[in-house]
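The values are calculated or read from the model by the stated rules, or taken from the named source; none is laboratory data. Note that the structure is a prediction, hence the values are computed from the model and not measured. Every residue, glycine as well, gets a Cβ built from its backbone with ideal geometry; the counts of neighbours run over all protein chains shown. Accessible surface is based on the protein model in full, side chains and every heavy atom, while ligands, DNA and RNA are left aside. Shrake-Rupley method; radii C 1.70, N 1.55, O 1.52, S 1.80 Å.
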Amino acid sequence: MAAAAVAGRSSRGRSLDRPAGVRTSDPLRTFLDRNRRLFVLTGAGCSTASGIPDYRDDNGDWKRAQPVMLQRFLADEYTRKRYWARSMVGWQRMHAARPNDAHHALAALGHAGRIEQLVTQNVDGLHQAAGSPDVIDLHGRIDVVRCLDCGERVPRATVQADLLRRNQRFAHLDALTAPDGDADLDGVPFDLFESPACGRCGGLLKPDVVFFGEGVPKARVDQALAALGRSDAMLVVGSSLMVYSGYRFAQAMAARGKPIAAVNLGRTRADDLLAFKVTEPCGEALQFLLNEQLSPR
Ligand SMILES: [Zn+2]
């Protein structure tokens, strides 16, 4: 796949063997050449090529029904049943997803010592699967489930096996999966679904991800902001920054007077803070990193 993509790129006249950072027509390359220590923030657009659909359209608006809010999840049993039913189906695609060129390119950049901190809004673990060192999962990980009563953490695979065993009538369903492992299922009798319970205390289980309406743990934000302070520039990859938890990093970087660049197909909330934006799919925009020797910082 990489060879075909390289050929495609070369056929468009973008030579791969020219020196780095010397063409103003390639702002991303110049940006990476000038700014040695990067704070990288990634979002759903980074994982779309891995088969995990984005939440938002090019205008930053919801493509689908808004994801479940934490407050509803906690308060309403039917909401939990519906969430877990959709999540059980969505997990199958999430679990099968593999890193794409964007993940591999950022892993290469990280191994070259060029990333001060990689922060992702994605919960899919694909940066780690690609080998990126030291990732902050801002919104948690979908492959871990946590008991809200006793704090027990369980691998999602264990919960999935339990869900499938107790909900066989739902197991055959397939649907479009969302970035958080949720799936669209209409006309399904969710009230028949058996939600999982903690094996230790019987308490309420929730994927260890930050739901909408839920705050990002402060220690996680502080760790990311400290790394941001040590960075020369910020690179946003595949995020519209519509959610404040990501937007705040752009604000913080701008407040320090440091440059911000973005690779994103659509509008971002930080468009007026950006030095420039590359409107290409993430994997295509970053693929050149896979084809050259990266100099350490
Ligand atoms: Zn428990």
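Points to keep in mind about this one:
- In region 58-69, the residues that are in a loop (DSSP other than H, G, I, E, B), open to solvent by less than 80 Å² (accessible area, probe 1.4 Å) and modelled with pLDDT of 60 or more: Asp61, Pro67, Val68
- Among residues of region 148-169, those that are open to solvent by 40 Å² or more (accessible area, probe 1.4 Å) and polar (S, T, N, Q), counted: 2
- Taking region 268-294 as the range and being under 24 Å from Leu225 (Cα atoms), within 21 Å of the chain's Cα centre (by Cα) and in a loop (DSSP other than H, G, I, E, B) as the test, the residues that pass are Thr268, Arg269, Ala270, Leu274.
- Residues satisfying the stated conditions in region 87-133, i.e. in contact with a strand residue (DSSP E or B) (Cβ under 8 Å, 6 or more places away or on another chain) and on the phi > 0 side of the Ramachandran plot: Gly125
- Strands (runs of 3 or more DSSP E) wholly inside region 70-162 containing at least 3 residues that are touching a Pro at 6+ places or on another chain (Cβ under 9 Å): 140-147
- Residue under evaluation Asp182, criteria (1) within 16 Å of the ligand (Cβ to nearest atom); (2) modelled with pLDDT under 95, criterion not met: (1)
- Taken across region 214-226, residues that are closer than 13 Å to Leu41 by Cα, surrounded by 19 or more Cβ atoms within 10 Å (Cβ to Cβ) and not hydroxyl-bearing (Ser, Thr, Tyr) do occur, with at least one present.
- Residue list for region 243-257, restricted to those being surrounded by fewer than 16 Cβ atoms within 10 Å (Cβ to Cβ) and in a loop (DSSP other than H, G, I, E, B): Arg256, Gly257
- Within region 195-242, tally of residues that are outside any loop (DSSP other than H, G, I, E, B) and either modelled with pLDDT of 95 or more or within 16 Å of the ligand (Cβ to nearest atom) (or both): 23
Each row is one residue, and each column tells you yes or no for (1) surrounded by fewer than 13 Cβ atoms within 10 Å (Cβ to Cβ); (2) in contact with a Leu (Cβ under 8 Å, 6 or more places away or on another chain); (3) at pLDDT 90 or above.
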| position | (1), (2), (3) |
| --- | --- |
| Ala2 | yes, yes, no |
| Arg12 | yes, no, no |
| Leu16 | yes, no, no |
| Asp33 | no, no, yes |
| Thr42 | no, yes, yes |
| Gly51 | no, no, no |
| Leu74 | no, yes, yes |
| Tyr78 | yes, no, yes |
